[in-house]
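What follows is one structure encoded as structure tokens, with my remarks underneath.
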Amino acid sequence: QKGGYKHFMLKEIFEQPRVVADCLTGRIDRETGSAWLPELEPLPAPERLFIVACGTSYHAGLWGMYLMEQWAGIPTRVEIASELRYRDPILGPGDTVVAISQSGETADTLAGIQLAKARGAKVIGLCNVVGSSVAREADVVLYTQAGPEISVASTKAMCSQLTLLTLMALVWGRKRGVLPAEVAAKCLPALEALPAELDAALPGMRDRAKALCRVYSEARSFLYLGRGLYYPMALEGALKLKEISYIHAEGYAAGEMKHGPIALIDPKFPSFALAPVDALYPKVKSNLQEVQARGGKIVALTHPGADLDVDHPWEVPAGWGPLATFFMLPALQLFAYEMADYLGKDVDQPRNLAKSVTVE
Ligand code: M6R
């Protein structure tokens with residue numbers, strides 16, 4: 001069932017173009033040219049949003065926060081489910097909670113849903129497995145339609161979560177009358193173009209990942225750096241690397257580096273930067289100069305036309321606006337995958353981990 005791929009993880013990474021297409025299926029109103037999520041129609045657009053999840057799904061939620069705020073004007077908090085469940089959060093009727101879970105069986109996320117419901121909040125479940133506990137407990141379910149994810153390391157599920165969060169921000173932004181005109185005009189055509197562009201880019205990304213992991217296979221630790229939308233991606237890149245290759249990695253907001261982690265930088269402690277050419281590019285670039293000044297080696301995911309003078313600039317297609325993320329994410333996944341495979345690790349079944357964490 002691996003479809004000719006060596007591991008499920010690799011197969012699932014390469015399925016991402018199809019995952020984006022499937023997630024969009026039936027969710028674009030051709031008459032108005034806008035995103036359409038019939039499940040959300042009966043609900044008013046939220047005034048305040050809590051996103052609750054664990055692991056990779058939490059990183060997807062953190063990314064979604066940027067779009068919910070910028071496109072839909074909804075104040076959004078993103079919470080790690082195991083933290084939310086033991087706090088006394090200010091949450092009640094009128095609030096909306098989006099619980100994100102690939103499996104739909106994560107114990108802490110389910111507890112977060114129960115807490116939200118007990119306090120009278122509306123819960124929207126965003127999950128992949130049809131009929132799962134999250135799907136049953138939520139008031140409204142949006143399926144990510146990514147197909148079964150076998151590898152313990154979540155890849156294509158995150159891609160589908162990002163797609164769905166993008167659609168939700170479009171729907172709510174429009175409903176609230178605040179969706180920026182440029183986003184309304186450009187986002188859906190760009191999303192629809194994504195599968196073909198991603199398909200074309202993935203083989204080259206894999207080759208680059210394979211070559212790079214051989215250069216860095218001796219590293220004992222990596223610092224992943226990003227800003228804005230790419231801060232959650234830095235967290236995700238670090239999580240992927242540590243969970244399957246067992247190389248320690250930390251994801252950090254690039255601007256936080258000088259508040260501590262910069263002390264770690266030396267020629268044996270490489271950084272993996274997310275440096276898209278966007279409004280924050282000059283800021284990330286100057287963070288990377290600080291790393292270089294301390295002898296730190298750098299791999300930097302960036303875009304064509306970037307003027308980064310780092311050890312290993314890695315250009316990926318830019319796409320439109322925040323959708324650039326959809327090219328950065330598989331590059332991070334492939335780097336972790338190739339590293340784990342090169343080091344001879346059990347890629348699909350990493351030690352100490354289960355696919356769904358059904359106990360706390
Ligand atoms: O099924 P869920 O999305 O609720 O799972 C959440 C995490 O357990 C999961 O994303 C985990 O972090 C993955 N192994 C990451 O690759």
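The values are calculated or read from the model by the stated rules, or taken from the named source; none is laboratory data. All values derive from a computational prediction rather than experimental measurement. Here the Cβ positions follow ideal geometry from the backbone for every residue, glycine too, while neighbour counts run over all protein chains shown.
Data for the structure
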| item | result |
| --- | --- |
| Subset tally (residues that are of a type outside the set (A, V, I, L, M), touching a residue at least 60 places away in the same chain (Cβ under 8 Å) and within 13 Å of the ligand (Cβ to nearest atom)) for the stretch 124-160 | 8 |
| Members of the stretch 298-322 that are surrounded by 23 or more Cβ atoms within 10 Å (Cβ to Cβ) and part of a helix (DSSP H, G or I) | PRO322 |
| Any hit, the stretch 5-13, residues being at pLDDT 95 or above and away from the ligand (no atom under 16 Å from the Cβ) | yes |
| Those residues of the stretch 1-41 which are among the hydrophobic types (A, V, I, L, M, F, W, C) and in a helix (DSSP H, G or I), in sequence order | PHE8, MET9, LEU10, ILE13, PHE14, VAL19, VAL20, ALA21, CYS23, LEU24, LEU40 |
| Single unsatisfied condition, GLY295 versus (1) part of a loop (DSSP other than H, G, I, E, B); (2) within 16 Å of the ligand (Cβ to nearest atom); (3) within 28 Å of GLY260 (Cβ to Cβ) | (2) |
| When residues of the stretch 222-252 are limited to those that are aromatic (Phe, Trp, Tyr), surrounded by 23 or more Cβ atoms within 10 Å (Cβ to Cβ) and not in a helix (DSSP H, G or I), the one nearest to the chain's Cα centre (by Cα) | TYR224 |
| Whichever residue in the stretch 204-226 is under 10 Å from MET339 (Cβ atoms) and not aliphatic (A, V, I, L, M) and, among such residues, is nearest to the ligand (Cβ to nearest atom) | PHE222 |
| Every residue from the stretch 90-113 that is over 20 Å from the mean Cα position of the chain (by Cα) and under 21 Å from ALA60 (Cα atoms) | ASP95, THR96, ALA107, LEU110, ALA111, GLY112, ILE113 |
| Per-region count, the stretch 42-69, residues part of a helix (DSSP H, G or I), more than 12 Å from the ligand (Cβ to nearest atom), in contact (Cβ under 8 Å) with a residue 12 or more places away in the chain and not small (Gly, Ala, Ser) | 6 |
| Any hit, the stretch 227-236, residues being away from the ligand (no atom under 16 Å from the Cβ) and touching a Gly at 6+ places or on another chain (Cβ under 7 Å) | yes |
| Enumeration of residues in the stretch 14-46 that are touching a Pro at 6+ places or on another chain (Cβ under 8 Å) and either of a type in the set (A, V, I, L, M) or at pLDDT below 95 (or both) | VAL20, ALA21 |
| Listing of helices (runs of 4 or more DSSP H) fully contained in the stretch 98-202 that carry 2 or more residues being closer than 18 Å to VAL20 by Cα | 156-175 |
| Residue satisfying all of: in the stretch 330-360; aliphatic (A, V, I, L, M) and in contact with a Ser or Thr (Cβ under 8 Å, 6 or more places away or on another chain); farthest from the ligand (Cβ to nearest atom) among these | LEU343 |
| Hits in the stretch 257-297 (condition: over 17 Å from TYR231 (Cβ atoms) and buried (at least 18 other Cβ atoms within 10 Å of the Cβ)) | ILE265, PHE269, PRO270, GLY296, LYS297 |
| Test: ALA273 is under 30 Å from GLU83 (Cα atoms), at pLDDT below 95 and of a type in the set (A, V, I, L, M, F, W, C) | no |
| Pick from the stretch 75-100, criterion over 18 Å from ASP139 (Cα atoms), away from the ligand (no atom under 16 Å from the Cβ) and of a type in the set (Val, Ile, Thr), ranking: modelled with the highest pLDDT | THR76 |
